[in-house]
Structures are given as structure tokens and as C-alpha cells.
Amino acid sequence: MEHQRDQPVTLLDVRDLQVEFHTRDGVAKAVNGVNYCVDPGETLAVLGESGSGKSVTAQAIMGILDSPPGRITGGEVLFRGEDLLTMGAETRRRIRGAKMSMVFQDALSALNPVMSVGAQLAEMFEVHEGMTRKDSRAKAVQLMDRVRIPAAKDRVGDYPHQFSGGMRQRIMIAMALALEPDLVIADEPTTALDVTVQAQVMDLLAELQREYNMGLILITHDLGVVADVADKIAVMYAGRIVETAPVHDLYAAPAHPYTRGLLDSIPRLDQKGRQLYAIKGLPPDLTAIPPGCPFSPRCPRAQDICRTDRPPLFAVSHGRASACHFWKETLDER
Amino acid sequence: MAETAENHEVSDVVPSTAETTAEVEAVLDAPVDRGEPILQVRNLVKHFPLTQGILFKKQIGAVKAVDGISFDLYKGETLGIVGESGCGKSTVAKLLMTLETATSGEVFYKGQDITRLSGRALKAVRRNIQMVFQDPYTSLNPRMTVGDIIGEPFDIHPEVAPKGDRRKRVQELLDVVGLNPEYINRYPHQFSGGQRQRIGIARGLALNPEVIICDEPVSALDVSVQAQVINLMGKLQDEFELSYVFIAHDLSIVRHISDRVGVMYLGKMAEIGTDSEIYDHPTHPYTQALLSAVPVPDPAAREGRDRIILTGDVPSPANPPSGCRFRTRCWKAQDKCAEEVPLLAVPEVFAGKKTLAAHESACHFAEERDVVHAA
């Protein structure tokens, strides 16, 4: 610990990331200063509704943002202390895939339909590790076995459409984990799947994460999935993080009215509920985010200060922060 | 553009989780009076033929999408139908709407078999059974104004609203679903997903139907908007005495909105009962697996829950397993399950007993297992 370089560096440290999209209707500010970090073996869940900027943040981290129209206008993405955003394209390409990889929501469109899954898996070993064709094929079969594709040896030559949704998603996971990356970003990995298959896939992902001690960023809108697997949560709204907390604390007592509204608006499985709480209104238009707190037009707690002063992330307790002027009152409500 | 919040008064629903035996008995002793069923479905079957050859088509098999389903729907109640993709729940919706022709079986609407109706008689029945679709982005014609979309049913059934009255009637409907009546001349793309689903609901309500079939009405919406639409549907049900068939894969939402729930697997009904019977006292292994797989938004329940992780995928409905269709993924399966198709009935072990487990379940080895409430 005496030497600077021996100090453990956070695996991924996103600092004040900003992303804009230039559209016909004006500049849409999709990500407005996002900060989060992930350690090895840790699962961070990024929770948000559509348009909250959760996927765009992930794309910016991975360097797969469509640009144009997207543009990173500020911030840093430190991967083991090195800024990915200022890195040369070639260095970055070598990190992507080998050191950090991504699992997408829709496996059918993320996989190449005219290439057998075996060839797609093998390709990675050929490109990143310079293996021969034969060796890489053998590795592909091994991987498919590892993610429990039945009769992997016979199916290595099959095409994506010949697999079921759950198997395709497992192949996506195999692909993301093939080179044993340090960080995996899973963007709604189970949204398109049925609950029984979702449980299989999440179990597999958690098991592999433990095995390789990877950092995992799980992007989702499903509060149930988050509660099942995450260590900590970042809740996003209109391109900002409005609350971060360890998973138990957040569900026990949210410190932001938006989080609270989300938790109250989901029906329960274990008892017949009453009227669901509905957050009134709609998320803001990203080309015209209201001044002050972006959630203020929908917030039951909003005061004048919320409409004029943008709340910074206030430290609530260790590892907890909330971007609400009235976080104390919100916290005490429960 | 703010969608109105649903602030209407709601009588607090009595929690149906009966805790003590006395409570259970009270629930069971209460006379169940649901009145006359409005829809009676009997042995409904839909097979889609699989053909081979281009010029001379030869049938080589059939996708057994719905394979003998029976249930009743009563006035003013919501029947939830849950199941994984491919279990035939959407085909059931289409059959009830007579958008598909049943291979065999009957659907009685007020005593009349609608699967055999045609022409004028069918048109009259269809007025009373309407549908709300899943995807509010594709179920509204982008080139029609909202007024035209909601008013179109009146072109087909002019007796409901005379020509001069229509605009006013459409504006009333917009108001009922919580949209600004002035938006009548706007196009679908000018609305958000939640607002579009309200337009779809307004169209479903236009003809004052008695039954509305909802096929995954909120699964395309964000959580906060989903709650708005669910509350709206509850409010409309009370206001217009509607009966809903609510088809969804989200088990929490189905419990929230349904009075009774049917669980489908591969074209068959596995288990059916009141919401408490299914969620708190499930007896079919498939229902138990399905319920245990639902992620619960409570990290404290992570360890305490009874998780059943099924292996494998749903078999193809073109070639379903013999006997019980769930047996290939069931941990209880024995020889009997492969030979004998279990009937949907109150299992013998529970017959005549005063317990909420005594409801219809199609399993040879039905037993109660509470997988929802953490230990």
C-alpha cells in the first residue's frame, strides 16, 4: 500500500460523463453528468425507464455509441485507471471484447444470422488470441457446454434462428464471457425472455460472475431482477443519477421521490394490492429538460426551490447519495 | 401534455391472504355468487395445420396452439390468463374475438355459441366483445387521426352513435380515458406509449361492450406509466361493469387486477382458481415453478425464497409430450404422467376439504407448496 501503483484501482470509474444527440428537433441531452464505479466481483444495477440514458451510458463506456448523431461532450471513463475516451482506437479495440464486453437485450438481432454460432464464438479466439481454426472451434464447443447448451458438439454448426430465445441469450453470454473479461455490461439481458427462462439465464450469469470475479453492470427497468442480483443500484432519470445506494438500503427506504414512486407503482406477487401508486405525467423531453430538478414537474414533494435549483447528489450515508433537496424528508417517510 | 393522475376513490380491497384457519373457513363458507357466466368456453381447440409441398399441399401435422380449454367468465370480473410465450394464450384471445375460427369446441356468449355464428348475428355479438392490443405503436393506424381511430367502430355499428353525435361521443371517450378531448385531431405519433394505450382502450370502449379482451395491454409500457394504465382499467371496469379477460405474462400485474387466474401451459389449462388459490395455495408444479421464478422487488427475500429453476425450454406445440404436457420439465414426473393426460379438476386429495388448495388443477400428483411468501 506504500507505493502509489500498488493501491487497488477501481475497475471502472465513470466521471461526469455527458452525451448529446443531435436530432432534427434540437440537441437531446441524453446523459448529463453520470458518475458511477464498479469493483471486481461487484454487481451494479442501473435502473431507469426508457429514455433515462441508461443504455446510452453503457454504449459510451463500451465505445459503441452511434456517432453521429451521438457525441460524448465531456467526462472520463477510467478503466483500471486509464481513460478510455482519450485512448487510441486500436488500444481501445483490444480492450473491448477481451477486457470488457457486453450482453445485449435482443440476442436474435445481436447475433449474425448468416454465421453459425460456433463460427461466431470461434472468431473471437482467432482475432483476439490468434488461435487456429481447429483450436478455436474446440473452444467454442467448450463454451457452449459451459453455458449448458444441450448437445453442444452437434449444435456448434447451427445458426441463431435454430435456437430458442433462452439458448440464444446463453450463447450471447458465452460470447461475452469467452475471453474472461474483467467487466461485463448486460443491457436488459432477460427482458425478452419468459420468467422461467429468465431465472435460468440470471442464475448462469451470477454463477459465471462469481467464477471469474467480474464486475457486472446490469442495466434494467425491472425492480425485481435488481433486488435479486445487485449489490448496489444507481437510479437514472433524464440522463442523471438521482439516487445511488446499496441494494438493501434502497428498497428499505428510498431517499428520492422518484425511486419511491417506482417502488410504489409495482404490484406485488405475495398479496392482493390496493390501488397502485402512479407517478403522474411523463418523463421530460430530452431536448428541453426543465430547469431545476428534472423530476420536479412530476414530484409530489416539489417546492419552489426544486423548480429553480438543480439538486446535486447529496451524501445520505456511506455509499448512499440522493439528488433531492428533500432527501431527509423522503427518507423519513417510511 | 400531462396525463391525468388517477385520483379516484377506491375502496380498499380486503387482503385476500387468509392467515388463520378461521379466516380460510370464512372465505370458503362465504357463498360464491358470481351470477350467470357471460362467456362460457368449452373444450376450445385450435390447431394450425403444417403443410408440405408448394403445388399439392399435404398436411403433415398441426401446431396444437390451443388444445381443449374450458373456463367461464362472469359479469364484472377479471379473469387473468398467464403462461409463457407459445402457450397459446394469445390464440385464446383471438378465438374469443372470433378472429380465428376454432377447430372444435364452443364459446357461449349469453348461451349462444359464437364459434358457429356468421354474418349479421356475428356482427351483433362482436359489438359486445372488444379487444385492447399489446403494442400501442403498431395497433393504431399512423395515418388516421385519434378521432377517426376511436370513431371507426361507429362506422361499422352506426346504431351506437348517430352520425351527428360521433364527434361528441369520441370526445367523451377521450375524457373517460384521461386524455384531453381537444387532442381529437392529432395523430398517434404525437402521443407517448401510455397515451397511445389509452387511445386503444377508448377504441375498445366505443361500442359499450360487455367484455374486453386485453392481450398484454401494459407489457410495452414503462413501470410508472404501467401503473397509470392499470388503475385506469380498474376504474373503467367499476364504471361500466366490464368483464375483462386479461392476458399477460407478468404474474404480479395479473394478481393485482384479476379475480380469478388461469395458468396455461402448451395449449392446456394447468390450473385455475381465485387469485389467492393460485398465488397463495398453488398445487400444480408448473404454477409453482412459474411463481417461484418471478423476481420479487425485495432484496431481503433473496435467500428465504423457495426457488424452482426449471431446466430446458417449452416443447414444440407441434409435437407435445404424451400424457401431461409439463412432464418433460417436471421434477415429479412418473410413468403415469406419460401415459395418462391429467384432467383439470379438483385433485382427489383435496376434494371435499375446506382449504384453498381445493381448486382445479391438472396434475396427478398435486400438492400444495407456497413459493411466493418467503420462509
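Read-outs: derived from the displayed coordinates by stated rules, not from any lab. A quick note: this is a predicted structure, and the numbers were derived from the prediction, not measured. Note that each Cβ is placed from the backbone with ideal geometry, even for glycine, and that neighbours are counted across all protein chains shown.
Data overview
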{"quantity": "Calculated [θ] (222 nm, deg cm²/dmol) that DSSP helices of n ≥ 4 give over the protein assembly as shown, each run adding -39,500 (n - 2.57)", "calculated": "-9000 deg cm²/dmol"}
{"quantity": "Residue with peak Gaussian network fluctuation, chain B [Cα springs, cutoff 10 Å], from B:136, B:299, B:49", "calculated": "B:299"}
{"quantity": "Among the listed pairs A:328/B:235; A:54/A:99; B:64/B:89; B:110/B:353; B:58/B:123, those beyond 23 Å (Cα-Cα)", "calculated": "A:328/B:235; B:110/B:353; B:58/B:123"}
{"quantity": "Rounded, prolate or oblate (a/c below 1.5 giving rounded, otherwise prolate when a/b exceeds b/c) for the range B:283-361 by Cα gyration tensor", "calculated": "oblate"}
{"quantity": "Under the span-like rule (Cα at least 15 Å along the axis, Kyte-Doolittle mean at least 0.5), DSSP H helices of chain A", "calculated": "A:165-177"}
{"quantity": "Per-q log10 I(q)/I(0), chain A, q = 0.12, 0.15 Å⁻¹ (Debye; single scatterer per alpha-carbon; no solvent)", "calculated": "-0.90, -1.30"}
{"quantity": "Residue-by-residue Karplus 3J(HN,Hα) for the range A:34-47, coefficients 6.51, -1.76, 1.60, Hz, glycine and proline x", "calculated": "9, 10, 7, 9, 10, 9, x, x, 9, 10, 9, 9, 9, 10"}
{"quantity": "Length added when fully stretched, residue A:22-residue A:180, from 0.36 nm per residue minus Cα-Cα", "calculated": "53.3 nm"}
{"quantity": "Within the range B:283-361: Cβ-based charge dipole about Cα centre, in debye rounded to nearest 20 (Lys, Arg +1; Asp, Glu -1)", "calculated": "120 debye"}
{"quantity": "Net length gained if the chain between residue B:108 and residue B:239 were fully extended (0.36 nm per residue, minus Cα distance)", "calculated": "44.7 nm"}
{"quantity": "Principal axis dimensions, largest first and in whole angstrom, of chain B by Cα", "calculated": "66, 61, 38"}
{"quantity": "Global size of the protein assembly as shown as Cα Rg and Dmax, reported in angstrom", "calculated": "26.7, 89"}
{"quantity": "Projected area averaged over orientations for the range A:163-260, convex hull of C-alpha atoms, nm²", "calculated": "6.8 nm²"}
{"quantity": "Neighbour net charge for residue B:140 - beta-carbon separation under 12 angstrom, K R +1, D E -1", "calculated": "+2"}
{"quantity": "Percentage relative contact order, the range B:234-375, counting C-alpha pairs under 8 Å, at least six apart", "calculated": "28 percent"}
{"quantity": "Cut-off 16 Å, label 7 Å out along Cα→Cβ of residue B:167, residues of the range B:120-147 by amide N", "calculated": "B:145-147"}
{"quantity": "Cα centre as origin, Lys/Arg/Asp/Glu Cβ charges: chain A dipole, Debye", "calculated": "480 debye"}
{"quantity": "Distance (nanometres) between label positions extended 7 Å along Cα→Cβ at residue A:131 and residue A:94", "calculated": "2.0 nm"}
{"quantity": "Residues whose placed amide H lies under 5 Å from that of residue A:43, excluding near-sequence neighbours", "calculated": "A:216, A:231, A:232"}
{"quantity": "Distance in nm between pseudo-label sites at residue B:50 and residue B:373 (7 Å out along the Cβ direction from Cα)", "calculated": "4.4 nm"}
{"quantity": "Gain in span if fully extended, residue A:159 to residue A:71, counting 0.36 nm per residue against the direct Cα distance", "calculated": "28.2 nm"}
{"quantity": "Modelled FRET efficiency - R0 35 Å, residue A:80 with residue A:151, Cβ distances, 0.05 increments", "calculated": "0.35"}
{"quantity": "Paramagnetic label zone (point 7 Å from Cα along Cα-to-C-beta, residue B:343; backbone N under 12 Å) in the range B:39-58", "calculated": "none"}
{"quantity": "Sequence-distant residues sharing a close amide H with residue A:236 (under 5 Å, placed H)", "calculated": "A:47, A:48, A:242"}
{"quantity": "Calculated from backbone phi, Karplus (6.51, -1.76, 1.60) coupling profile of the range B:102-116 in Hz, x at Gly/Pro", "calculated": "5, 5, 7, x, 10, 10, 8, 10, 6, x, 10, 6, 7, 5, 9"}
{"quantity": "Rounded to the nearest 20 debye, dipole of the range B:217-375 from Cβ charges on Lys, Arg, Asp, Glu", "calculated": "400 debye"}
{"quantity": "Prolate/oblate/rounded label for the range A:126-181 (Cα gyration tensor, a/c 1.5)", "calculated": "prolate"}
